[in-house]
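The values are calculated or read from the model by the stated rules, or taken from the named source; none is laboratory data. Bear in mind that the values here come from a model prediction, so they are computed numbers and not experimental data. Here the Cβ is made from the backbone with ideal geometry for all residues, glycine too, and neighbour counts use every protein chain on show. For accessibility, only protein heavy atoms count, side chains too; no ligands or nucleic acids. Shrake-Rupley method; radii C 1.70, N 1.55, O 1.52, S 1.80 Å.
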Amino acid sequence: MLDICLVDLLEILRRRIGNRPVIINSGYRCPDYNTKAGGVPASYHLYGMAADIRVPGMTPAEVIKYALDVGFLGLGLYGAFCHLDIRHTFCQWEG
């Protein structure tokens, strides 16, 4: 189950970037799938508090800038997508 705060921030992000589609590659993960996907043991995906997304026509780095502006605190930059989560302290990384 996805955390409603995550869903709300994703919608705010979608509006902020001009109502472009936000494609969710990965949201909630059960423990078995998280392991298979290479997720860390305490992944925010396990709690429905994270999404790996991409936006057609935008680089992941561009999306990260908007995501920070709308209030995401966990920001992971990967080659073809970005990880966004709603943790309680700021953390940014490249993977």
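Among beta bridges from DSSP that stay inside the chain, the antiparallel ones total about 75%. Among Gly38, Gly76, Gly57, the largest mean-square fluctuation in a Gaussian network model of the chain, built with springs joining Cα atoms closer than 10 Å, belongs to Gly38.
Built from the Cα atoms of region 1-80, the convex hull projects on average onto 5.0 nm², one quarter of its surface area. For the chain, find the longest principal axis of its Cα atoms and tell me its angle to the long axis of helix 60-70, 0 to 90°, nearest 10. That helix lies at roughly 80 degrees to the long axis. Calculated mean residue ellipticity at 222 nm for the chain: -9500 deg cm²/dmol, from DSSP H runs with n ≥ 4 weighted as -39500 (n - 2.57), summed, divided by the residue count and rounded to 500.
Taking all protein chains in place and a 1.4 Å probe, what share, in percent, of the accessible surface of the chain do carbon and sulfur account for?
58
Helix 4-16 and the long axis of the chain differ in direction by around 30°, with both axes built from C-alpha atoms. At q = 0.30 Å⁻¹, what log₁₀ I(q)/I(0) does region 56-95 have when each alpha carbon counts as one equal point scatterer in the Debye sum? Normalising to I(0) and taking log10 leaves -1.04. Taking every protein chain into account, the accessible area of the chain amounts to 59 square angstrom per residue (probe 1.4 Å). Computed from the C-beta positions of Phe90 and Met1, the FRET efficiency with R₀ = 25 Å rounds to 0.50.
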